[in-house]
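The values are calculated or read from the model by the stated rules, or taken from the named source; none is laboratory data. Small disclaimer: the values here were computed from a predicted structure and weren't measured. FYI the Cβ positions are ideal-geometry reconstructions off the backbone, even for glycines, and counts take in every protein chain you see. Ligands, DNA and RNA are excluded from the accessible area calculation, which covers all protein heavy atoms including side chains. Shrake-Rupley method; radii C 1.70, N 1.55, O 1.52, S 1.80 Å.
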Amino acid sequence: MLTILLDGVAYGMLLFVLAVGLCVTMGLMNFINLAHGAFAMAGGYVTILLMQRAGLSFYLCLPLAFLVTAAAGLVLERTLYVRLYDKSHLDQVLFSLGLVFMAMAGVDYVMGGNQQIIQLPPELRGRLQVPGGSIGVYRLFIIAICGVLPLGLQQALTRTRFGSRLRAAVDDRRVARGLGIDVAKLFALTFAFGSGLAGLGGALGAEVLGLDPTFPVKFMIYFLIVVSVGGATTITGPFFASILLGIADVAGKYYVPAIGGFIIYTVMVVVLIWRPAGLFVKAAR
Amino acid sequence: MRGPARFRSMQTGWRWYEIVFWAAAFAMLVLAPSRLLLLNEIAIFALLALSLDLILGFAGIVSLGHAAFFGVGAYTAGLLAKHFSEHALLGDPTIGLGIAALTAAIIGFASSFLVLRGSDLTRLMVTLGVALIVQEIANRLDWITGGADGLQGVLPRPVLGAFEFDLYGRTAATYSLVVLFIAFVVARQVVHAPFGLGLKAIRDNRLRAEAIGIPVNRRLIAIYTLAAALAGMAGALLAQTTQFASLDMLDFQRSAEALLMLVIGGAGNLFGGLLGAIVFAIAHDVLKGITAQYWQFWLGLSLIILVLFARGGLTGLLRLLYRRVRPEAAP
Amino acid sequence: MTNPALETRALRKTFGGLVATDTVDFRLEAGARHALIGPNGAGKTTFVNLLSGALQPTSGSIHLEGRDITAWPASKRARAGLSRTFQINQLFAGLTPLQSVVLTLAQAEETGGGSAGLMDLFRSAGSNGARIEEAAAILENLHLGACLDKEIATLAYGQQRLIEIAIALAAKPRVLLLDEPAAGISQEERELILGVIGALPSAMAIVLIEHDMDLVFRFARSITVLVNGAVLTTGSVAEISADERVRKVYLGEGEHA
Ligand SMILES: Nc1ncnc2c1ncn2[C@@H]1O[C@H](COP(=O)(O)OP(=O)(O)O)[C@@H](O)[C@H]1O
Ligand SMILES: [Mg+2]
């Protein structure tokens, strides 16, 4: 019972780190980026490559996965995404889908279509007994890292100048511009940071979620649910949505394996009927 | 039919280019006897794209899961052909086609309630989610659907009890093209009527559409259901003419391909889907021959290029050319 | 006993802490020529949104010709004979003016016609010549004859403003709400609008929101003044123009509004 709960929490936190960048893109620029999962996949493959080919340690690979995908995000944002901000949602969907397919084919070409295995450092393997159940050491590691992140983000958003500018821009882009905030730069940096987080999530999650070229499509629905259910205006909304989704998914697959795969869709449908604007969205303004 | 309307934007009679297009399409049956299988594929893709256009181009609903209806139609028709191959009525492809359309329509109707409300984002989530659910169900029910191996032993009876499916695809192509034509006529009627104008009104400005009395939800349910039925027919045609149904007919990639066809041709214009399907099917045919594995790459690249540089698609381009030639000609 | 064309009882709308519509009791008789005035932010648009169903009230009720329509969606109110324009253009960018008006006419006819209406819904829009001519006449009356067939998105603002009105008229309403129809257009176009709404059937009840007092006095027979969401006063044109309070809160700053 507790085991399932902890696994679910770990899974949910991972989802949060993976999806939070997308929430910001949605909230800040009202941009639908279906290619978000491609950045996560990139982070995973960067880790694999660095560990297998360059022999770097897993711990070093995590920040590197963040940096590499953040850089990739920055470049793509400046060259391509920026052209689509004022286009329709349909255009954004088509464009980012295009990126997804190219990324999938590209990875398939370079790395092959098989599942990649990450060799975790020995101290992260094994399980830890806790009263009432047990938890994999690696899950605990995930919870620790992914638990610190939202707290840090929350702090950064409320305490720093960058954060207050970002919030101003989310609230009203035009007013923010009027206040002399360089929204384009702000967004490029945020986009890069969100992509970096996705990359980090992909690196951390490769062992748990599996990693192959279909990753961006396989997890697209999870990202969409996190953003739709959690809303795109806060950090806490997506966070709780992710945890909820993680627990529901893990528990569902464990307790009712026959229909466990459908649990997340049930969550999705129920939320839609009950609160079409999202579960954690502030009540109508 | 009355004489031509006084105003261009109210002209809803058949235009010369429509007649030329369909004449050419049917002429292909005779003129290209060696490419009938490709023609059959084009007709099926065109039907899928046409159905997506009704909800996307006309009603403005962005869908990532249109393949759900395509796949449901394919399995329905496939199962009927498999289990009723002795039955003169239920085994007939046209009856199978009808039942497949009905099944897909029921699922479309049920899921339409979820796409009514909410933003584009929730619609993406719902359409994708519904397609994933359907695919997962088809996967789980492997004793019925054949699971990952696909549905084997689909042996459709002759169409209308008279036209046996042949190796060259003559019957298949004719059958698919006729079905496509009928669907086109229906869709044409729908979009040229006040109903279709209302859909565009909803797409352009839902608030105003409501303010002039259009029952927006009812209209969206109706068109979503119709589009699902047509997509189901496309799937049924594929299952019947290739004698096979498989999980990849429900795949996300299939939905994306339908989107690509629409962008190639231009959404919001019935010919967009048709032209897009032709280009798509030929490109698919050629590229798959060269690099079967990396089809996805070309799919992605074309989406990006089209969005960035040629958003109006082929029909947009043709319209532009037409305006060049006849500057006074409006839309 | 005759019912008023439109009536609200203790109508209230709040946005968070802001009271945008404050317990408004409003009565509009059939055939009324009524102006709704008040400074910017007084809640005029919000009031129209509540009446037309674009917004749901926090409390209170709305009655159209005696029927309680508070819970009705906007489209049902429109089919019951309530039509409106928007302060900020709400048009069908991808349609032509002619298509927009034909659609609205078809919609208005469908409301009458049961199963015949359903048939009509799927009959080619181009085959109903009489309706097209009627639509063209509505648009030509608003001097839009030259752009009947052009995509609305490509037209000038002033023309779009007139299409806004054409669509509302095509619905053949019994109650018409005009939210600053003359905002941001030329003097010539303002006169045109005044002429067109002045010639509407006398049985139609019309509410006009307008800042230009000259226009208001030429159009209206009665006036309601809204301030901070609440009705300050209602009366005939003579009463309102003599009212000291109105001068203070509104007419004084009407110059620059
Ligand atoms: N959707 C909304 N959300 C929050 N506040 C609103 C909304 N619509 C209007 N308001 C507020 O309600 C008040 C009345 O606005 P409005 O009805 O537009 O006034 P008017 O049309 O008289 O200028 C204003 O203070 C405005 O800011
Ligand atoms: Mg206003």
Taking residue B:85 as the residue in question, decide whether it is within 14 Å of another protein chain (Cβ to nearest Cβ) and at pLDDT below 95.
-> no
Name, by its number, the condition in (1) open to solvent by less than 20 Å² (accessible area, probe 1.4 Å); (2) more than 13 Å from ligand 2 (Cβ to nearest atom); (3) closer than 26 Å to residue C:233 by Cβ that does not hold for residue C:53.
-> (3)
Exactly one of C:186, C:202, C:241 is of a type outside the set (Lys, Arg), open to solvent by 70 Å² or more (accessible area, probe 1.4 Å), in the same structural domain as residue C:18 (by TED's automatic domain parsing) and out of contact with any Ser or Thr (no Cβ under 7 Å at 6 or more places or on another chain), and that residue is C:202
Can residue C:28 be described as more than 14 Å from every other protein chain (Cβ to nearest Cβ), touching a helix residue (DSSP H, G or I) at 6+ places or on another chain (Cβ under 8 Å) and either within 18 Å of residue C:175 (Cα to Cα) or away from ligand 1 (no atom under 16 Å from the Cβ) (or both)?
-> no
Kindly list the number of the only condition in (1) more than 16 Å from ligand 2 (Cβ to nearest atom); (2) open to solvent by 30 Å² or more (accessible area, probe 1.4 Å) that fails for residue C:131.
-> (2)
So which of C:48, C:101 is open to solvent by less than 10 Å² (accessible area, probe 1.4 Å), out of contact with any Asp or Glu (no Cβ under 7 Å at 6 or more places or on another chain) and either closer than 23 Å to residue C:207 by Cα or modelled with pLDDT of 95 or more (or both)?
-> C:101
For residue B:111: the one exception among (1) within 22 Å of residue B:222 (Cβ to Cβ); (2) more than 9 Å from chain A (Cβ to nearest Cβ); (3) surrounded by fewer than 20 Cβ atoms within 10 Å (Cβ to Cβ) = (3)
Determine if segment C:134-141 includes at least one residue that is open to solvent by less than 20 Å² (accessible area, probe 1.4 Å), away from ligand 1 (no atom under 16 Å from the Cβ) and away from chain B (no Cβ under 12 Å).
-> no
Which residues, taken from segment B:3-35, are facing another protein chain (nearest Cβ under 7 Å), touching a residue at least 12 places away in the same chain (Cβ under 8 Å) and assigned to a helix (DSSP H, G or I)?
-> B:8, B:9
Filter the helices (runs of 4 or more DSSP H) completely within segment A:162-261 down to those with at least 3 residues that are more than 14 Å from every other protein chain (Cβ to nearest Cβ) and open to solvent by 30 Å² or more (accessible area, probe 1.4 Å).
-> A:173-178, A:183-209, A:236-255
Name, by its number, the condition in (1) within 16 Å of ligand 2 (Cβ to nearest atom); (2) under 15 Å from the mean Cα position of the chain (by Cα); (3) of a type outside the set (D, E, K, R) that does not hold for residue C:167.
-> (1)
Which ranges mark the helices (runs of 4 or more DSSP H) fully within segment C:158-257 that have 2 or more residues being more than 16 Å from ligand 1 (Cβ to nearest atom), charged (D, E, K, R) and within 30 Å of residue C:99 (Cα to Cα)?
-> C:187-198
Might you check whether a residue that is in a helix (DSSP H, G or I), within 16 Å of ligand 1 (Cβ to nearest atom) and open to solvent by 40 Å² or more (accessible area, probe 1.4 Å) occurs anywhere in segment C:71-92?
-> no
How many residues of segment B:120-143 are surrounded by 17 or more Cβ atoms within 10 Å (Cβ to Cβ), more than 8 Å from chain A (Cβ to nearest Cβ) and not hydrophobic (A, V, I, L, M, F, W, C)? The answer is 3
Being within 14 Å of another protein chain (Cβ to nearest Cβ) and more than 16 Å from residue C:52 (Cα to Cα) is the filter; apply it to segment C:8-19 and report the residue that is nearest to ligand 1 (Cβ to nearest atom).
-> C:15
With respect to the numbered conditions (1) more than 19 Å from residue C:197 (Cβ to Cβ); (2) within 14 Å of chain B (Cβ to nearest Cβ); (3) within 16 Å of ligand 1 (Cβ to nearest atom), which one is the sole condition not fulfilled by residue C:48?
-> (1)
Can you give me the number of residues within segment A:50-85 that are over 20 Å from the mean Cα position of the chain (by Cα), open to solvent by 60 Å² or more (accessible area, probe 1.4 Å) and over 30 Å from residue A:123 (Cβ atoms)?
-> 3
Taking into account only those residues within segment C:87-101 that are more than 7 Å from chain B (Cβ to nearest Cβ) and in contact (Cβ under 8 Å) with a residue 24 or more places away in the chain, which is nearest to ligand 2 (Cβ to nearest atom)?
-> C:87
Any chance segment C:13-33 includes a residue that's within 13 Å of ligand 2 (Cβ to nearest atom), touching a residue at least 24 places away in the same chain (Cβ under 8 Å) and under 27 Å from residue C:202 (Cβ atoms)?
-> no
Picking from B:228, B:162, B:183, B:239, the residue that is open to solvent by 10 Å² or more (accessible area, probe 1.4 Å) and more than 14 Å from chain C (Cβ to nearest Cβ) would be B:162
Those residues of segment C:51-64 which are of a type outside the set (A, V, I, L, M), touching an Asp or Glu at 6+ places or on another chain (Cβ under 9 Å) and assigned to a loop (DSSP other than H, G, I, E, B), in sequence order | C:53
From the set of residues in segment C:34-45 that are open to solvent by 20 Å² or more (accessible area, probe 1.4 Å) and assigned to a loop (DSSP other than H, G, I, E, B), which is farthest from ligand 2 (Cβ to nearest atom)?
-> C:39
Free of Cβ contacts under 8 Å to residues at least 40 places away in the same chain and away from ligand 2 (no atom under 16 Å from the Cβ), is that true of residue C:136?
-> yes
Checked against (1) touching a Pro at 6+ places or on another chain (Cβ under 8 Å); (2) more than 24 Å from residue B:247 (Cα to Cα); (3) not small (Gly, Ala, Ser), residue B:190 satisfies every condition except (1)
